[in-house]
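Read through the structure below, which is laid out as structure tokens, and then see the notes.
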């Protein structure tokens, strides 16, 4: 019986060591229909994105994963097993160095995070994946130094390429991680990079003792739901709050520039591209409730009206 262990490079950046163990062990992975559709949409859009790259002047060698392109199906032998690698494409322009690229379709939140923070910070699992691909190509004689994520925002079809550099130290850390996973005979703890949101998307949660059906929050036992409509609604609520936070950060950043370059220069209006900016001073009056409570607490109490509402709080749990 063949006990040789194999780990796919596309999984090397998985944040949970336990999930990696189950993958290497060949355990049954159960994915939701929604996850399958997301994956299928990404595959359908990949050749479209490649065509856009070529229209923009890029030379693209795409991995079709068939017999005509076997050179892009690679592997790395490490102690205890093999890491397999199937890079998306190698892109270049004129005489510029080759760039190893991976194509990703993203929702708006992930796309904005990529643009703002870069791959290494916002999507370290993608940086890990490309690092393994690059090392496999380097061992085949390709001089790969530059890596890139070619991203498409599925909300508005905006495209973006984020570039970063191959780091040998990152590869060594990933190799050590793979070797450690290969030596395990039972599921480990989650690992230092684990984040609790992983469990909601993990295809091995049905096997994992660390994914509890009931999660303790305070002194209460909170049951998990399998109602996909409710799960989607909670995720949408979380995403909307992330978007609100990101929108405020962008607004504050923009206002800081406008305060410095426009308002403090005494400019009242200007045209910027196809937008007209008008500065209007707004004066308003508000009731100082703190001072009123101190001066006339009995009056405040007399006119206080009780009301109730529901606040939806979200908390990440392990």
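No value in this document is a laboratory result; all are computed from the given coordinates. Please read all numbers here as calculations on a predicted model, not as lab measurements. Cβ sites come from the backbone with ideal geometry, for glycine too, and all protein chains shown count toward neighbours.
Compute the Cα gyration tensor for the chain, then decide on rounded, prolate or oblate, letting a ≥ b ≥ c be the square roots of its eigenvalues: rounded whenever a/c is under 1.5, prolate when a/b is larger than b/c in the other cases, and oblate in all that remain. Judged from the Cα gyration tensor, the chain comes out oblate (a/c at least 1.5, b/c at or above a/b).
For segment 225-271, the square roots of the Cα gyration tensor eigenvalues, ordered a ≥ b ≥ c, give a/c of at least 1.5 with a/b greater than b/c, which places it in the prolate category. Relative protection proxy for 26-35, 265-274, from highest mean packing down: 26-35, 265-274 (other beta-carbon atoms within 10 angstrom). Cβ-Cβ distance of residue 254 and residue 314, R₀ of 35 Å, FRET efficiency by 1/(1 + (r/R0)^6): the value works out to about 0.80.
With contacts taken as Cα pairs under 8 Å and at least 6 residues apart, segment 5-217 reaches a relative contact order of 29 percent.
Among 303, 21, 39, a tally of other beta-carbon atoms within 10 Å of each Cβ gives an order, fewest to most, of 303, 39, 21. The modelled label-to-label distance between residue 245 and residue 299, using points 7 Å beyond Cα along the C-beta direction, is 4.1 nm.
Protection proxy ranking of 109-118, 151-160, by the mean of other Cβ atoms within 10 Å over each peptide's residues and highest first, is 109-118, 151-160. Full extension of the chain segment joining residue 94 with residue 40 gains 16.2 nm, where the gain is 0.36 nm per residue of separation less the Cα-Cα distance.
Taking every DSSP beta bridge that has both residues in the chain, what percent is antiparallel when rounded to the nearest 5? Antiparallel: roughly 70 percent of the beta bridges in the chain.
This ranking places 304, 243 by how few other beta-carbon atoms lie within 10 Å of each, fewest first, which gives 304, 243.
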